[in-house]
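Here is the structure we will look at.
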Amino acid sequence: MQSRWFPLLALLLGFAGYSWAINNGFISDDLVFLDQSHRLAFIREHLHSAPSAFRLTADVWFAALQAAFGWHASWFYVFSILLHVGNALLLRSVLIRRHARPAVATLASALFVVIQNPAEAVAWLSAVNELLVALFILAALWAAHSSRYVMCLAFYCAALISKESGAVAALLVLLLLFSEREKRERTPWWFWFGLAATTVAYLVWFVSLMSANFFIQSNFYSLKPGAVLVLAYSLHRLAFPWIYLALLLGVPSLRRSGQSERREVVVTAIWLVLALCPYIFLIYDRHVPSRHLYLAAMPGCYLMAQLLWYAGNRRLRGAFVILFAVVNTGYLWVAKDRQYVARGRTIHDLVTILSSHPPGCAIVTNFPENPWVAKLSARFVPGWSTHMITVNEPPPGQVNCVVVKWDPKQKKYEIIDD
């Protein structure tokens, strides 16, 4: 396909895969992001508060969309999908700058648009920091490959304040530039110094805020050997079944290819592992959550595209791509949509209950999420306000309160008193 038509195809694929999310409304921590970003002072405050200090761009994103569209969730989803498509197009540009065949780069970009593994990064608004850190990491890689080194450092800084995983950009720049001899020899020394100095400054900042970092103080991370098992299992989940199938199709032909092609496959595999490493120290699951697969899905799709290209059989490659698009898009619509509708019921059902009662007081018990989320639900109902709702606490003594209890088995509220 000609390059001038591919952005339109990517846009169509993006909305074909994710338009189901547009009517899902806000979910869970989305309300917290909205609340903390409605005042511009949050930027100054968050510079001294971890982990918010390292995720500023997500707050700016919420603030900008909130200023433009208010609390209308549909527009937030539209722009998340557009950001995802933009990342796919930027991935293609980075790969072409690496001298990948345009057909391989286009195929990798198309696969990335519809791959379902990192769906949470697109379909959960609070995970937009994954989209943003990917944007700035890709932009840094594009700038490095374009010999725009000051721009690369600027994008690296933006990645560092998008999410802590942005620090992996330094390793990716090293990997991808050093794997190209010409680029390695032409890169000025001051760029490497700037990259190292920025990384050290970021680490000093990070360490200085450790005592205020909720995730560290709550033991969400663990530097244990078990992280290797988390990495292995997460790689398997990302690879199954498509990368495994691409390996079966492409490895026999890859053996007969040139040394540069084989080296690029190895570099891509290392890129894939490095992109997962920042997340493998989480301790609340055996594998990283789907939103954290977003960075790794990019080299994963590039690896698939290379293997499919070297397979040589055009019809087989076409059948693989069509099947990949149909199965992944279908899974997004059938499984993921149902999953996110269920996740949003704690908010949406509470809003429905509040809407059916005159403003007064409400007591919500057994609420499974951040209590502030339940309080913020009041902002969707005229007349209600956050101070009218008590969450997971003894009744405040008021009379004529509506009392509701969340049933975790039935996944719905039970009205206890009215």
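The values are calculated or read from the model by the stated rules, or taken from the named source; none is laboratory data. Note that the structure is predicted; figures quoted are calculated from it, not measured. As a convention, Cβ positions derive from the backbone with ideal geometry for all residues, glycine included, and neighbour counts pool all protein chains shown.
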Can you tell me how many residues within the range 185-221 are among the aliphatic types (A, V, I, L, M) and within 26 Å of ARG286 (Cα to Cα)?
2
So, first residue touching a residue at least 40 places away in the same chain (Cβ under 8 Å) in the range 92-121, second residue aromatic (Phe, Trp, Tyr), Cβ within less than 6 Å, six or more apart or across chains; the pairs are SER93/TRP142; VAL94/TRP142; VAL104/TRP309; THR106/PHE6; ALA108/TYR302; GLN116/TYR331; PRO118/TYR294; ALA121/TYR294
Check every one of the helices (runs of 4 or more DSSP H) wholly within the range 66-135 and list those with 1 or more residues that are surrounded by fewer than 21 Cβ atoms within 10 Å (Cβ to Cβ), in contact with a Leu (Cβ under 6 Å, 6 or more places away or on another chain) and at negative phi.
73-97
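From the list VAL273, VAL266, exactly one residue is under 28 Å from the mean Cα position of the chain (by Cα), closer than 24 Å to VAL228 by Cα, in the same structural domain as LEU107 (by TED's automatic domain parsing) and loosely packed, with under 13 Cβ neighbours inside 10 Å. Which is it?
One residue alone meets the criteria, VAL266.
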Which numbered condition in (1) at pLDDT below 95; (2) in the same structural domain as GLU264 (by TED's automatic domain parsing); (3) not in a helix (DSSP H, G or I) is the only one that MET1 fails?
(2)
Applying the selection to the range 224-255, what residues are part of a helix (DSSP H, G or I), of a type in the set (Phe, Trp, Tyr) and out of contact with any Leu (no Cβ under 9 Å at 6 or more places or on another chain)?
TYR233, TYR244
Would you check which residues across the range 312-328 are buried (at least 16 other Cβ atoms within 10 Å of the Cβ) and small (Gly, Ala, Ser) and list them?
ALA325
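The rows are residues; the columns are (1) of a type in the set (A, V, I, L, M); (2) crowded, with 19+ Cβ neighbours inside 10 Å.
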position	(1), (2)
ARG256	no, no
ILE283	yes, no
HIS287	no, yes
ARG291	no, yes
TYR294	no, yes
GLY330	no, no
LYS336	no, yes
ARG343	no, no
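Any residue that is farther than 16 Å from SER126 by Cβ and in a helix (DSSP H, G or I) - is there at least one of those in the range 56-65?
No; the residues of the range 56-65 include none that is farther than 16 Å from SER126 by Cβ and in a helix (DSSP H, G or I).
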The residue from ALA374, ALA378, ALA305 that alone is more than 20 Å from ASP29 (Cβ to Cβ) and among the small types (Gly, Ala, Ser) is ALA305
If the requirement is being of a type outside the set (A, V, I, L, M, F, W, C) and at pLDDT below 90, which of these qualifies: SER179, SER211?
SER211
In the set ALA21, ALA68, the lone residue that is of a type outside the set (D, E, K, R), farther than 21 Å from ALA134 by Cα and at pLDDT 90 or above is ALA68
